[in-house]
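Read the structure below first, then the notes.
The values are calculated or read from the model by the stated rules, or taken from the named source; none is laboratory data. Note that the coordinates shown come from a computational prediction; the quantities given were computed from them, not determined experimentally. All Cβ positions, glycine included, derive from the backbone under ideal geometry; neighbour counts span all protein chains shown.
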Amino acid sequence: MKEITQLRTLYDVQQLLKRFNIFVYVGKRLWDIELMALEIDNLYQAKVIDRDLFLQAKLVLKTEHRKEEEYLAQKGREEDDE
């Protein structure tokens, strides 16, 4: 099994979770990101992943969460203009 050393995208975090048989699909991207963050927390607390991988994953998830919130806010503003 190939060692994961760098997490840069949401896909990378999904692949990390997949290694532990954790598959996240709630139906809304924002909720998926939030659930992935909880799963990463659990893996770290169980000492299954190291601190560096944990911090990388949390940073990716935080960035993606912010982007998704901005996208949804923009989408809401566009719908209000119609």
Being surrounded by 12 or more Cβ atoms within 10 Å (Cβ to Cβ) and not polar (S, T, N, Q) is the filter here, so list the residues in region 59-80 that pass it.
LEU59, VAL60, LEU61, LYS62, GLU64, HIS65, LYS67, GLU68, GLU69, TYR71, LEU72
Can you name the residue in region 38-58 that is of a type in the set (A, V, I, L, M) and out of contact with any Lys or Arg (no Cβ under 7 Å at 6 or more places or on another chain) and is also surrounded by the fewest Cβ atoms within 10 Å (Cβ to Cβ) among such residues?
ALA46
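If I go through region 26-37 residue by residue, how many of them are surrounded by 11 or more Cβ atoms within 10 Å (Cβ to Cβ) and in a loop (DSSP other than H, G, I, E, B)?
Of the residues in region 26-37, 2 are surrounded by 11 or more Cβ atoms within 10 Å (Cβ to Cβ) and in a loop (DSSP other than H, G, I, E, B).
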Please count how many residues of region 23-57 are among the polar types (S, T, N, Q) and closer than 13 Å to LEU7 by Cα.
1
So, in region 1-25, exactly how many residues are outside any helix (DSSP H, G or I), surrounded by fewer than 16 Cβ atoms within 10 Å (Cβ to Cβ) and either at pLDDT 95 or above or under 12 Å from the mean Cα position of the chain (by Cα) (or both)?
7
Only unsatisfied item for GLU34, checking (1) modelled with pLDDT under 95; (2) in contact with a His (Cβ under 9 Å, 6 or more places away or on another chain), is (1)
Name the residues in region 63-82 that are assigned to a helix (DSSP H, G or I) and either acidic (Asp, Glu) or in contact (Cβ under 8 Å) with a residue 24 or more places away in the chain (or both), would you?
GLU64, HIS65, GLU68, GLU69, GLU70, LEU72, GLU78, GLU79, ASP80, ASP81
Among the residues of region 38-54, which ones are at negative phi and assigned to a loop (DSSP other than H, G, I, E, B)?
ALA46, VAL48, ILE49, ASP50
